[in-house]
Amino acid sequence: MQNFRNYKMVEPEKSKKKLHNNNSTNGKPEGKTMKSPLGDKIIIDTVGARSGTCVFHNFLYALLFLFGALYFGYLCDKPTFQHYSAQYPYLGHLENLFVVIEDYSPFHQFMQSDEEFFESMKRTSPEQEENLDAPPPFRIFTKDELSRYDGSEGSPGLYLAFLGKVFDVSKGKDYYGPGGGYAFFSAKDGSRAFVTGQFDEAGLTDDLTGLATSDYLGLKEWEEFYGKDYTPVGVLQGRYYNQQGEPTQEWIQVQEKIAIAIKDKDKKDVEKQTFPPCNMEWSSEKGTRFWCTAKSGGVKRNWVGVPRRLFYPGREERCACIRTTGPPSIDPASKENRGDLDNAHLKEYEGCAQDSFECWKAK
Ligand code: HEM
């Protein structure tokens with residue numbers, strides 16, 4: 001349907017008057033008349049503000065026109081505009097202004113090219129936001145490559161390797177970055193030093209030769225710590241991973257030793273419950289005193305026990321509190337009622353009564 005909103009409907013007589021009285025420069029009407037489909041006359045008012053005579057206005061309009069033309073040019077072909085703005089500094093300022101206008105304009109989206117618009121939609125889509133949090137791609141590092149990741153100025157990042165796995169530790173830059181207390185761990189695999197505390201060049205190595213079984217528990221804890229607190233970004237080609245990024249035989253052996261250490265610890269835990277450590281104190285006059293209480297060695301129980309020397313092959317002897325009633329721990333179905341007193345790993349302290357809760361070892 002035709003839109004009459006900008007048309008003035010006037011009665012034929014009034015219309016004539018208006019045509020001759022209003023804003024006519026030469027006595028002729030400036031509004032066009034046309035016949036309304038409804039039969040009335042319509043005037044389209046095309047009379048604008050008269051400014052053609054004012055120099056200042058003309059200058060202002062020329063400036064506006066130039067600004068508009070440049071903005072149009074900028075919108076149509078940004079790369080070319082940027083090319084010229086790099087050569088002419090005043091165009092560079094103008095470009096900054098256009099960028100601001102573009103950023104804050106409510107019509108921003110309509111002024112973008114289709115490619116820009118879809119690109120920005122992709123950037124702000126929920127999937128893309130998820131991807132921004134996604135870990136960086138997995139990579140196989142050589143020793144040389146990793147050595148550049150020490151977090152210093154110009155370095156590509158702050159990484160360290162543990163048992164051949166490379167972690168991005170940039171969020172812990174206060175520890176690992178230049179000047180940090182643990183900066184010596186960055187850009188290399190110094191796994192051994194994590195359990196030996198030897199932080200010099202010789203100690204900061206991935207060679208674990210000669211470590212005790214219990215050290216492997218420490219390694220496991222650090223392995224879990226880095227896996228939980230930091231993002232893995234790849235593997236270090238060498239001792240623990242081959243060129244294809246697959247675990248080597250040495251890595252498998254380390255994992256086996258860790259498994260043994262865990263079993264050993266579990267065993268020790270059982271052993272600690274069965275043979276709780278004694279309390280101990282030492283004085284220069286009397287020597288060492290060993291004694292048992294219902295929570296000695298940190299093991300809470302409903303019996304006190306008597307001190308005995310505990311021997312296990314390959315381990316140092318220690319004092320254990322031994323249960324004196326009930327069946328032996330190794331044969332709970334037995335009718336015996338001497339607790340663990342007859343266990344083969346135990347010896348009595350010299351000069352100590354069999355049923356005493358304390359014993360002394362001369363200095
Ligand atoms: C073998 C010995 C040690 C090793 C391998 C070691 C290693 C580390 C590492 C790698 C970190 C950074 C953890 C992170 O990324 O969040 C750390 C933090 C820390 N270490 Fe050690 N450390 C050792 C001994 C010690 C000792 C003996 C002390 C204290 C006397 C100590 C005090 C600290 C403190 C206070 C922090 C910061 C903890 C925090 O604010 O979250 N460390 N250690």
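Values quoted throughout were computed directly from the atomic coordinates according to the rules given, and no laboratory measurement underlies them. Source: prediction; values computed, not measured. We place every Cβ from the backbone using ideal geometry, glycine too, and count neighbours over all the protein chains shown.
Couple of notes before you dig in:
- Gained length - LYS265 relative to HIS345, 0.36 nm times residue gap less alpha-carbon distance: 26.9 nm
- Over all other residues within a Cβ to Cβ distance under 9 Å of GLU317, the charged ones net out to +3, with Lys and Arg as +1 and Asp and Glu as -1.
- Lysine pairs in the range 240-333 whose alpha-carbon atoms fall under 23 angstrom of each other, counting only those eight or more residues apart or on distinct chains, come to 14.
- Added length on full extension, which subtracts the Cα-Cα distance from 0.36 nm per residue, HIS93 to VAL55: 11.0 nm
- Using a Förster distance of 51 Å, the FRET efficiency for VAL304-ILE101 (Cβ separation, nearest 0.05): 0.05
- Simple spin-label estimate for ALA294 and THR231 in nanometres, 7 Å along Cα-Cβ: 5.5
- For GluC sites (Glu not before Pro), the sites in the range 217-296 that DSSP calls loop and that have at most 10 other Cβ atoms within 10 Å are GLU285.
- Relative contact order (%) - criterion: Cα under 8 Å, at least six apart; region: the range 275-361: 29
- FRET efficiency estimate (nearest 0.05) - Cβ-Cβ, GLN249 to ALA362, R0 56 angstrom: 0.60
- Rounded to whole numbers, the Karplus 3J(HN,Hα) couplings from phi for the range 289-306 are 9, 10, 8, 10, 9, 6, 9, 5, x, x, 9, 7, 7, 9, 9, 9, x, 10 Hz, using 6.51 cos²θ - 1.76 cosθ + 1.60 with θ = phi - 60°, and x at Gly and Pro.
- Between LYS173 and SER214, the modelled labels are 3.9 nm apart [label points 7 Å from Cα along Cα→Cβ].
- For VAL166, the amide hydrogen comes within under 5 Å of the amide hydrogens of VAL233, GLY234, VAL235, LEU236, counting only partners 5 or more places away or on other chains and with H modelled in the peptide plane.
- Backbone phi angles across the range 276-286, fed through the Karplus curve with coefficients 6.51, -1.76 and 1.60 (θ = phi - 60°), yield HN-Hα couplings of x, x, 7, 6, 9, 9, 10, 9, 5, 7, 9 Hz in residue order; Gly and Pro are listed as x.
- Net length gained if the chain between SER284 and TYR84 were fully extended (0.36 nm per residue, minus Cα distance): 62.9 nm
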